[in-house]
Every structure is written in C-alpha cells, then in structure tokens.
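Worksheet for the structure shown next.
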Amino acid sequence: MGLLEHINSVYYSQSQKQEGLLSLAEKFREKNTLQESTESKITPDLKCKNDNSYDITKPYESFIRMCQESNLNKAGLFVENQNGYFLNFSYNFTDKTVEKSKSSKSFWNGSLPSNDWQIFQKEELIGFYQLFNSEEIERIYKICFKRFIVNSKTFIFLTTLDSNQTIDTTNLENNVIKFINSIEDFLVISNKLEKNCTQSQLQNNVNNGLSKSLKGQYMELNIVQLLKKIDFLNKFELLHIGSHIYNILKNSVIEPNICLDYPGKVKFVYFANSEIDAQMFEIQIKNNLCNYLNNDILDLISITNYTSTSDAKTLINLLLGK
C-alpha cells in the first residue's frame, strides 16, 4: 500500500472521500461555468481619444489660486462668446450672481469705454446691478474692472474692493494675462462641445442598431456622483465639466451605438448579439477619461441600470427618461 493510500484509509472515511470528490467536481463545474460566462460576454468598442488632453478642473483651480494669492475678496472673468459674455470663472460669487452674469457686447462697450483699469463705487454701480444677485449687491462697496484682449478674444476681469482696499493693478494684470494664456486650449475645446442628438436621430440609431444586432444594451454613468468630488466650484462650472465629460465619451462611441447627455447622467446604448461586459466597459471609460480627471474622481466611475432588450420603444423610453 502506498503512503497516500495508507493515509486515506486511516484518516478519511468512505463518505468523507465521496464528499471531497463531489466538492472537487463542484469547483470544477463552477470554474467552467464562470469561464463560459466570461467568454459569452463582449467588450463594447469604445475608441480611446486622448488628443488635446487636459485636466478639466485645472483652469478653475488655477483661477481660484490666483485670486487667493492676490488677496481678492470676490473676482470673476467674463469670457466672450457668440451671444455676449458670461462669468465663466468666478471666485466667491454666488450661483445666482453667476446665473445673472449673461450680458451683451453692447452693454460692456457702453459700460467700459476704455481698456484701462476702471473703478466704480456707490451710486456708480447702479448700471451694473443687473449682473449681481440682490443680496450680493448690498455687500459690494466698489468694483474694479479691466478689459483684456488676448489673441483677438475679449475678456473682462472684475474684482470687488472694500472701502479702504487697494490692489496692485500691475501685478494683478500680469497674473490675469498669464491665466488667460494658460486656458487657451481649454477654451478652444469648450467651443467644440458636442450637442445632444435629437429624438429622431435617437430613433434612427435604435432602429439601425437593432436591425444589425439581436439586442440593445442600455447603461448609465452617474455624473453627479463624480462632480460631488469637486465641491469647490459653482454649479455652472460643474455643469461645464459635466459637458466636457460627455463630449469626451460621445467622441469615443461609434454609431449606431448611442451616447446621450441627460441631466446628471451620461446614457449609453450598445448593440450586440452577446451580453456586454459592464466591468470592462467601466475600465474603457476610465481609460478615456484618465487624461482629464484625477484618480479620486475616476475611482467613482460606475456603470449602473444595465438593461438588455430587443424592443426599440423600451430603449427610447430609457434614453428619454420615460
């Protein structure tokens, strides 16, 4: 009798040996099932787009840092767009003030006749009241403005001052110009943000996708969850970052697959004949966003509400939130 046979006969009963064989067989079956399940899933085709990479949050962080280092109370930078100006960067202003900051080119041409530093106080500020929340106006004593023209694009910087406060305009001007130059690429890409597709385009993509595949597989990425990590920005800056995230992901999705911007979410539909591996899809999303977001934010990326269906109406309702 061999050593192993002797040990088995002395220390293990017949029933124990049988249980051991059954356990081993069960493990083998589970392993094969897992392998078959993994092999039956597919990884969706998500193009990796790392062109013109930049940190989405860095411009906002840089503006806040510049204001803090300059010992400013409240400050903002209006950026020219097709419709006029908006307070794209703000420091210590309320969300309501940022919301009211939309202003026309004619307003600023009339309010700031020159490109020099200009200070308005008390009654002189009445003409600017339309830009601020009523509660904030009561706490503003005077405001210092300066128009900047950099690379043929116009910016208007402002900062509030206390009654006896003075600022080093030469140093501040250099810092603002340096900041504007640093966000040039950011603004160029901001002007190229993708627009959402229309409902008719969604319908066409769904019908086209289902004509080539057995099922459409619906998934969601919660944007609000990611943006909660960036708690130092106002809601409009957060919305802008959310738009950048959508833009990056939209450019990585190949039609007829769908990427849809939805309040607080990015929604996806992928068309395939096999089940999609959601975990691998998460990894691909992180790879596409890794050049734009820090690791703390990337760690929060999670695909949820997975639904697989061959019904076009169901997919449309999921995409539109019905």
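The values are calculated or read from the model by the stated rules, or taken from the named source; none is laboratory data. Computed from a predicted model, the values in this text were never measured in an experiment. Because the Cβ atoms are built from the backbone with ideal geometry, glycine has one as well, and the counts that use them run over all protein chains shown.
Listed here are the residues, each with its yes/no results for (1) polar (S, T, N, Q); (2) at pLDDT below 90.
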residue	(1), (2)
I126	no, no
L187	no, yes
T198	yes, yes
N205	yes, no
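Would you mind finding the one in G216, G242 that is touching a Leu at 6+ places or on another chain (Cβ under 8 Å), free of Cβ contacts under 8 Å to residues at least 40 places away in the same chain and among the small types (G, A, S)?
G242
Mind counting the residues in segment 192-246 that are closer than 20 Å to T309 by Cβ and either β-branched (V, I, T) or part of a helix (DSSP H, G or I) (or both)?
Final tally of qualifying residues: 13.
Being surrounded by 16 or more Cβ atoms within 10 Å (Cβ to Cβ), part of a helix (DSSP H, G or I) and free of Cβ contacts under 8 Å to residues at least 60 places away in the same chain is the filter here; which residues of segment 87-98 pass it?
T97
Output yes when any residue across segment 251-266 is crowded, with 16+ Cβ neighbours inside 10 Å, touching a Lys or Arg at 6+ places or on another chain (Cβ under 6 Å), touching a residue at least 12 places away in the same chain (Cβ under 8 Å) and in a helix (DSSP H, G or I), and no when none is.
The answer is no, given that none of the residues of segment 251-266 is crowded, with 16+ Cβ neighbours inside 10 Å, touching a Lys or Arg at 6+ places or on another chain (Cβ under 6 Å), touching a residue at least 12 places away in the same chain (Cβ under 8 Å) and in a helix (DSSP H, G or I).
Mind checking whether some residue in segment 165-177 is under 19 Å from E124 (Cα atoms), surrounded by fewer than 11 Cβ atoms within 10 Å (Cβ to Cβ) and either within 26 Å of the chain's Cα centre (by Cα) or modelled with pLDDT under 95 (or both)? Steps first, answer last, please.
Our first condition is that a residue be under 19 Å from E124 (Cα atoms); within segment 165-177, this holds for 165-166.
Filter again for surrounded by fewer than 11 Cβ atoms within 10 Å (Cβ to Cβ), leaving 166.
Checking the rest, the ones that are also either within 26 Å of the chain's Cα centre (by Cα) or modelled with pLDDT under 95 (or both) come to 166.
There is at least one residue in segment 165-177 that is under 19 Å from E124 (Cα atoms), surrounded by fewer than 11 Cβ atoms within 10 Å (Cβ to Cβ) and either within 26 Å of the chain's Cα centre (by Cα) or modelled with pLDDT under 95 (or both).
Would you tally the residues in segment 197-235 being under 30 Å from K102 (Cβ atoms) and buried (at least 16 other Cβ atoms within 10 Å of the Cβ)?
Within segment 197-235, residues that are under 30 Å from K102 (Cβ atoms) and buried (at least 16 other Cβ atoms within 10 Å of the Cβ) number 10.
In segment 272-290, how many are farther than 17 Å from I223 by Cβ and in contact with a Pro (Cβ under 6 Å, 6 or more places away or on another chain)?
Count: 1.
Inside segment 267-293, can you point out the residues that are in a loop (DSSP other than H, G, I, E, B) and surrounded by fewer than 19 Cβ atoms within 10 Å (Cβ to Cβ)?
N273, S274, E275, D277, C290, N291
Looking only at segment 134-160, which residues are surrounded by 17 or more Cβ atoms within 10 Å (Cβ to Cβ) and farther than 19 Å from N115 by Cα?
Answer for segment 134-160, where residues must be surrounded by 17 or more Cβ atoms within 10 Å (Cβ to Cβ) and farther than 19 Å from N115 by Cα: E136, I140.
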